[in-house]
Amino acid sequence: MVSRVLRGWGHGGHQRQGEIMVFNDEAHHCYMDKPITVEAELEGAQQPDVEAEERNVDARVWFKGLQAVARRTGIKTICDLSATPFYLSGSGYKEGFIVPWTVSDFSLMDAIESGIVTVPRIPVDDNARATGVTYLDLWERIGKLLPKRTRRDTDITNWVPPAELVGALDSLYNSYERAFEHWERELAPLDDPPPVFIVVCPNTAVSKLVYDVIAGTQVTMADGTTRAVPGTLPLFRNSQAGVALPRPRTILVDSVQLESGEALKKDFKESAAVEIEALKAQWRLRNPGDDAESLTDEDLLREVMNTVGKKESLGSDVRCVVSVAMLTEGWDANTVTHILGIRAFRSQLLCEQVVGRGLRRRTYAVNDEGRFDAEYANVYGVPFAFIPTDRPIAEPKPQSR
């Protein structure tokens with residue numbers, strides 16, 4: 001970043017142009033972590049786990065990059081921008097405390113109450129046999145039953161999904177069906193893209209297993225032949241009557257899939273030829289001199305993901321996205337209506353980031369009263385601690401006399 005921003009600065013005839021002003025986006029990821037002292041530990045600071053330590057490494061690189069710029073040219077002002085301006089777990093500071101240099105904060109709760117985002121709805125009851133709300137704390141119930149490594153390192157044949165996961169998928173899918181019916185009736189005639197169901201998984205082994213359950217797969221029989229196994233959720237199946245659909249309704253987006261490009265079949269490229277040509281035209285404008293014909297299947301799959309919910313684009317027909325930690329921030333689809341979290345959520349920041357994928361409203365048109373109609377995102381498996389639920393309030397006990 002430093003070499004790119006400062007290339008040629010003050011050299012080769014270029015005159016120094018004064019100090020730099022920095023707009024630091026996603027600024028909660030830019031910090032120098034604080035060593036955890038005994039006092040900090042008593043105050044509630046958490047020891048970093050593996051995931052937190054990886055964040056700290058990235059944060060140090062970002063922070064040191066700004067320090068290098070400041071040493072080289074000086075930085076006049078840094079404007080930190082973040083939807084979550086508070087300390088992360090494992091940073092050495094107390095998690096969730098707002099950073100002290102915050103000038104203005106408009107919290108998620110403020111945004112929900114103001115109606116400018118969708119309203120997240122979490123389960124307050126379910127039909128699982130266990131005590132407690134299984135579909136809220138899903139990971140606590142099934143985490144130990146899922147593969148722990150990537151699909152490169154794990155044999156995922158003959159896997160049977162846990163009953164709680166099947167129940168959560170079916171329950172959330174039933175809700176999606178109602179949203180889809182509304183879309184078919186009210187929005188499809190306007191050429192609006194369909195509602196989107198996203199699943200966030202812990203690793204690439206789980207993502208592939210869940211994808212196969214939802215969208216369908218091919219299995220190899222004992223005699224060497226293959227047989228199509230349809231997905232269990234009809235609206236998300238990528239085949240019909242045993243024939244693959246030219247445009248997938250469900251996509252798998254993780255590191256293995258991006259590297260392989262397996263999700264983009266020849267039929268998809270042919271049916272999306274117009275959109276692919278439009279992408280190449282945009283690529284030429286953004287990258288003069290680059291060969292747009294060299295775009296790989298990985299590039300195309302990323303474009304499919306980035307355009308989910310956008311009209312006349314590669315991702316416009318996608319109904320379900322199965323991912324691994326790739327949709328926590330910076331993904332701007334406004335058609336997400338259902339979210340299933342199948343991973344550990346060790347911090348409220350991560351909860352807020354994942355649910356944030358479903359907070360963008362589809363429309364900001366006002367009704368006859370001059371207000372926004374309520375829009376909702378149904379969320380399973382993400383244990384929000386700060387979102388009030390509609391759990392019935394117990395009747396107050398009579399006061400003793």
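The values are calculated or read from the model by the stated rules, or taken from the named source; none is laboratory data. Keep in mind it's a predicted model, so treat the numbers as computed, not measured. For neighbour counting, all protein chains shown are included, and Cβ atoms are generated from backbone atoms with ideal geometry for every residue, glycine included.
Does region 61-103 hold any residues that are within 23 Å of the chain's Cα centre (by Cα) and at positive phi, and which are they?
Hits for region 61-103 are Gly90, Gly96.
Tell me yes or no: at least one residue of region 219-231 is within 25 Å of Leu138 (Cβ to Cβ) and of a type in the set (Ser, Thr, Tyr).
No.
So for region 161-173 (the condition being over 20 Å from the mean Cα position of the chain (by Cα), among the polar types (S, T, N, Q) and surrounded by 15 or more Cβ atoms within 10 Å (Cβ to Cβ)), does at least one residue qualify? Give the derivation first.
Initial filter on region 161-173 (over 20 Å from the mean Cα position of the chain (by Cα)): 161-164, 166-167, 170-171.
Add one more test, that the residue is among the polar types (S, T, N, Q), and what stays is 171.
Now drop any that are not surrounded by 15 or more Cβ atoms within 10 Å (Cβ to Cβ), which leaves 171.
Checked against the condition, which is being over 20 Å from the mean Cα position of the chain (by Cα), among the polar types (S, T, N, Q) and surrounded by 15 or more Cβ atoms within 10 Å (Cβ to Cβ), region 161-173 yields at least one hit.
Every residue in region 207-230 that is over 21 Å from Leu301 (Cα atoms) and either of a type outside the set (S, T, N, Q) or touching a residue at least 60 places away in the same chain (Cβ under 8 Å) (or both), please.
Val219, Met221, Ala222, Asp223, Gly224, Arg227, Ala228, Val229, Pro230
Quick check, is Val354 in contact (Cβ under 8 Å) with a residue 12 or more places away in the chain, within 13 Å of Val200 (Cα to Cα) and in contact with a Pro (Cβ under 9 Å, 6 or more places away or on another chain)?
no
Could you grab me the full set of residues in region 208-233 that are in contact with a Phe, Trp or Tyr (Cβ under 9 Å, 6 or more places away or on another chain) and surrounded by fewer than 20 Cβ atoms within 10 Å (Cβ to Cβ)?
Scanning region 208-233 gives Thr217, Thr232.
Given the conditions (1) surrounded by 23 or more Cβ atoms within 10 Å (Cβ to Cβ); (2) touching a Gly at 6+ places or on another chain (Cβ under 6 Å); (3) modelled with pLDDT under 90, report the number of the one that Ala205 does not fulfil.
Going through the list (1) surrounded by 23 or more Cβ atoms within 10 Å (Cβ to Cβ); (2) touching a Gly at 6+ places or on another chain (Cβ under 6 Å); (3) modelled with pLDDT under 90, Ala205 breaks only (2).
For the condition in a helix (DSSP H, G or I) and at pLDDT 85 or above, what is the one hit in Val354, Val382?
The match here is Val354.
Could you list, ordered by first residue, the pairs with Cβ atoms under 6 Å in which the first is in region 131-143 and surrounded by fewer than 22 Cβ atoms within 10 Å (Cβ to Cβ) and the second is of a type in the set (Gly, Ala, Ser), at least 6 apart or interchain?
If the second residue must be of a type in the set (Gly, Ala, Ser), the pairs left are Trp139/Ala344.
Regarding region 254-271, can at least one residue be identified that is modelled with pLDDT of 80 or more, of a type in the set (A, V, I, L, M) and out of contact with any Pro (no Cβ under 7 Å at 6 or more places or on another chain)?
No: region 254-271 contains no residue that is modelled with pLDDT of 80 or more, of a type in the set (A, V, I, L, M) and out of contact with any Pro (no Cβ under 7 Å at 6 or more places or on another chain).
Can you tell me which residues in region 263-298 are part of a helix (DSSP H, G or I), within 26 Å of the chain's Cα centre (by Cα) and within 18 Å of Arg249 (Cβ to Cβ)?
Correct list: Phe268, Lys269, Glu275.
Confirm whether Asp223 is out of contact with any Asp or Glu (no Cβ under 7 Å at 6 or more places or on another chain) and at pLDDT 90 or above.
no
So, in region 66-111, of the ones that are in contact with a Lys or Arg (Cβ under 8 Å, 6 or more places away or on another chain) and touching a residue at least 60 places away in the same chain (Cβ under 8 Å), which residue ends up farthest from Asn56 (Cα to Cα)?
Per the stated criteria, the residue is Thr73.
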